[in-house]
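All remarks here apply to the structure that follows.
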Amino acid sequence: MRLSRYFLPLLKETPKEAEIVSHRLMLRAGMIRQQAAGIYSWLPLGLRVLDKIEAIVREEQNRAGAVEILMPTVQPADLWVESGRYNDYGKEMLRITDRLDRAMLFGPTAEEVVTDIFRSYVRSYKNLPLNLYNIQWKFRDERRPRFGVMRGREFLMKDAYSFDVDQDRAREAYYRMFVAYLRTYSRLGLTAIPMRADSGPIGGDMSHEFIILASTGESQVFCEKGVLDLPIPPADTDFQGDLKPIIDEWTSFYAATEEKHDEAAFAAIPEADRVSARGIEVGHIFYFGTKYSEPMGARVAGPDGVERPVHMGSYGVGVSRLAGALIEASHDDAGIIWPDAVAPFAVGLVNMKPGDAAVDAACEDLYARLEAAGVEVLYDDTDARAGAKFAMMDLIGLPWQLIVGPRGLAQGEVELKRRATGERETMSIEAALNRLVG
RNA sequence: CGGGGCAUAGCGCAGUCUGGUAGCGCACCUGCUUUGGGAGCAGGGGGUCGCAGGUUCGAAUCCUGCUGCCCCGACCA
């Protein structure tokens, strides 16, 4: 993408409403535009990041055997009356009436809809296990939206729902999502720690929150050092096999949010192994049994021919929140530092002297060859000054900056800068290409 | 939902106390100079001062009501 033809509205000064660093940087880097409290438009750079996060979440859901569907944002209220949640949910639910005065709502979650889909088609244990997920916008009319996309009212969530014949099978489904989540956050470049959680109003007894460590996180978390170094299950993990040893290993360490913190248990850990840090919740998994299947009549026949309510679990990832959380976890005074996996572009190609025939030619050549090799490049072909270009590249945080100027080019050389470390290296054009394509 | 704060040009702000023809910086447009870490000079465009009432000869400024947004606390992907 040529910067001169892109839409990247950067802000030099921070809008006063933005208090935390991810919100400030997302606004300054032209990623989002606030439309109302907790409601945002995603601008090109932000959308690219959102799409990358979504793609990784999707790949790992698929790998774990979940099947993607897409449920509506607007749901009929009837289903919620059936489940018994219509009155319980309160003002957080955005209630809407259509032209015929039918009660509708903007979905804050989709247990009711997915249970309705399930009960309409599945009758036998032979069709289980089943895990249906979707990545869809949700709306929760929070009392207090804040922190930009970290707690918006409208947010993009991956929500998966598992269906099993009994609790033991449901536990296996839960384990599959547990492992999928470990892989997902790791691929995003984050250290996420599963912490035992309250199952809350949704009910059930198996529940973990996935918390990433970030110095600017919302809540205080406590864990045992060893959990940070546990190996992430590999891509070829057998999701049909026994995952219990992996879960046992991860849950053998102490890990708790402030609410669940047990000072005595924590004190029993050797002092050198205690970690007390800030954290951001980026995922939550639950097993809730027959909480919805029972009232909504989602039953399957077992091998004995007897129909029983299906056992369910739900598994959420805050996709849009992750965009903010990634920045909270990775930035410096100059701006964002994107992990390679979610960077909106891999390389920022900086033309130091547009109009100079040799520099233009070298940049065009590099741009074409990188694009041909499938490397995503943001080519700064504008005639802004050097300082402004560098500042912009640092702000938007692309992993690599490839700097081409007349000075180096005279020696046949370009400069490659790694955003995360600030290291700059001068090398030949071919060497730079090899580095970026390899 | 309780407590606090803010609303004046795209962004950041001054002006409000003490009423008198709306200003600064950045950004934007034109020209010249500059050109490896957010350039300089000169010229220019852009605002029903959040909305609605009221007081007054006159309201960004005073009064009343409303709306929007932010921050702190209890809840959440």
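The values are calculated or read from the model by the stated rules, or taken from the named source; none is laboratory data. Quantities reported herein were computed from a predicted structural model and do not represent experimental measurements. With ideal geometry, Cβ positions are generated from the backbone for all residues, glycine too; neighbour counts draw on all protein chains shown. Areas reflect the complete protein model, heavy atoms only, side chains present, ligands, DNA and RNA absent. Shrake-Rupley method; radii C 1.70, N 1.55, O 1.52, S 1.80 Å.
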Next on the checklist: Please verify whether A:Asp383 is more than 10 Å from RNA strand B (Cβ to nearest atom) and either among the aromatic types (Phe, Trp, Tyr) or not in a helix (DSSP H, G or I) (or both), treating the condition exactly as stated.
Outcome noted: no
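Looking at A:Arg95, A:Arg63, A:Arg99 in this structure, which one is over 18 Å from the mean Cα position of the chain (by Cα) and farther than 25 Å from A:Ser120 by Cβ?
Going through A:Arg95, A:Arg63, A:Arg99 in turn, just one is over 18 Å from the mean Cα position of the chain (by Cα) and farther than 25 Å from A:Ser120 by Cβ: A:Arg99.
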Of all strands (runs of 3 or more DSSP E) fully inside the stretch A:194-273, the set with 1 or more residues that are β-branched (Val, Ile, Thr) and under 20 Å from A:Ala180 (Cα atoms) is A:206-213
Taking the stretch A:26-38 and the residues there that are surrounded by 15 or more Cβ atoms within 10 Å (Cβ to Cβ) and over 17 Å from the mean Cα position of the chain (by Cα), the one that is farthest from A:Ala368 (Cα to Cα) would be A:Gly38
With criteria (1) within 16 Å of RNA strand B (Cβ to nearest atom); (2) in a helix (DSSP H, G or I); (3) under 25 Å from the mean Cα position of the chain (by Cα), A:Asp51 comes up short on (1)
Of (1) open to solvent by 10 Å² or more (accessible area, probe 1.4 Å); (2) at pLDDT 90 or above; (3) away from RNA strand B (no atom under 12 Å from the Cβ), A:Ala264 fails just (2)
Per the filter on the stretch A:76-102, residues open to solvent by less than 40 Å² (accessible area, probe 1.4 Å) and touching a strand residue (DSSP E or B) at 6+ places or on another chain (Cβ under 6 Å) are A:Ala77, A:Met93
Scanning the stretch A:133-168 for residues that are near RNA strand B (Cβ under 6 Å from one of its atoms) and in a strand (DSSP E or B) gives A:Arg146, A:Arg151, A:Phe155, A:Met157
Among the residues in the stretch A:121-130, are any assigned to a helix (DSSP H, G or I), under 21 Å from A:Phe286 (Cβ atoms) and open to solvent by less than 40 Å² (accessible area, probe 1.4 Å)? no
task = Could you tell me whether any residue of the stretch A:159-182 is at pLDDT 95 or above, more than 19 Å from the chain's Cα centre (by Cα) and of a type in the set (Val, Ile, Thr)?
result = yes
State whether the residues of the stretch A:294-313 include one that is within 16 Å of RNA strand B (Cβ to nearest atom) and either among the aliphatic types (A, V, I, L, M) or within 30 Å of A:Trp338 (Cα to Cα) (or both). yes
### Task
For A:Thr14, state whether it is open to solvent by less than 70 Å² (accessible area, probe 1.4 Å) and over 22 Å from A:Ile135 (Cβ atoms).
yes
Within the stretch A:388-432, the residues that are in a helix (DSSP H, G or I), touching a helix residue (DSSP H, G or I) at 6+ places or on another chain (Cβ under 7 Å) and within 6 Å of RNA strand B (Cβ to nearest atom) are A:Leu395
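Which members of the stretch A:349-379 meet the condition of being touching a helix residue (DSSP H, G or I) at 6+ places or on another chain (Cβ under 7 Å) and within 11 Å of RNA strand B (Cβ to nearest atom)?
A:Val350, A:Asn351, A:Met352, A:Lys353, A:Pro354, A:Asp356, A:Val359, A:Ala362 - these are the residues of the stretch A:349-379 that are touching a helix residue (DSSP H, G or I) at 6+ places or on another chain (Cβ under 7 Å) and within 11 Å of RNA strand B (Cβ to nearest atom).
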Within the stretch A:15-37, restricting to residues that are more than 6 Å from RNA strand B (Cβ to nearest atom) and in a loop (DSSP other than H, G, I, E, B), the one that is modelled with the lowest pLDDT is A:Ala18
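Regarding A:Ile20, is this residue among the β-branched types (Val, Ile, Thr) and within 23 Å of the chain's Cα centre (by Cα)?
Criteria met by A:Ile20.
Got a sec? Which of A:Leu322, A:Leu349 is under 17 Å from A:Gly217 (Cα atoms), aliphatic (A, V, I, L, M), outside any loop (DSSP other than H, G, I, E, B) and open to solvent by less than 10 Å² (accessible area, probe 1.4 Å)?
Of the residues listed, the single one that is under 17 Å from A:Gly217 (Cα atoms), aliphatic (A, V, I, L, M), outside any loop (DSSP other than H, G, I, E, B) and open to solvent by less than 10 Å² (accessible area, probe 1.4 Å) is A:Leu322.
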Scanning the stretch A:325-337 for residues that are in contact (Cβ under 8 Å) with a residue 60 or more places away in the chain, outside any helix (DSSP H, G or I) and open to solvent by 10 Å² or more (accessible area, probe 1.4 Å) gives A:Ser330, A:His331, A:Ala334, A:Ile337
Restricted to the stretch A:200-216 and to residues being at pLDDT below 80 and within 10 Å of RNA strand B (Cβ to nearest atom), the residue farthest from the chain's Cα centre (by Cα) is A:Pro201
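One line per residue, one yes/no per condition, for (1) in contact with a Leu (Cβ under 6 Å, 6 or more places away or on another chain); (2) free of Cβ contacts under 8 Å to residues at least 24 places away in the same chain; (3) open to solvent by less than 20 Å² (accessible area, probe 1.4 Å):
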residue	(1), (2), (3)
A:Glu142	no, no, no
A:Arg151	no, no, no
A:Arg169	no, no, no
A:Val179	yes, no, yes
A:Tyr185	no, no, yes
A:Leu188	no, no, yes
A:Pro194	no, no, yes
A:Ile211	no, no, yes
A:Gly217	no, no, yes
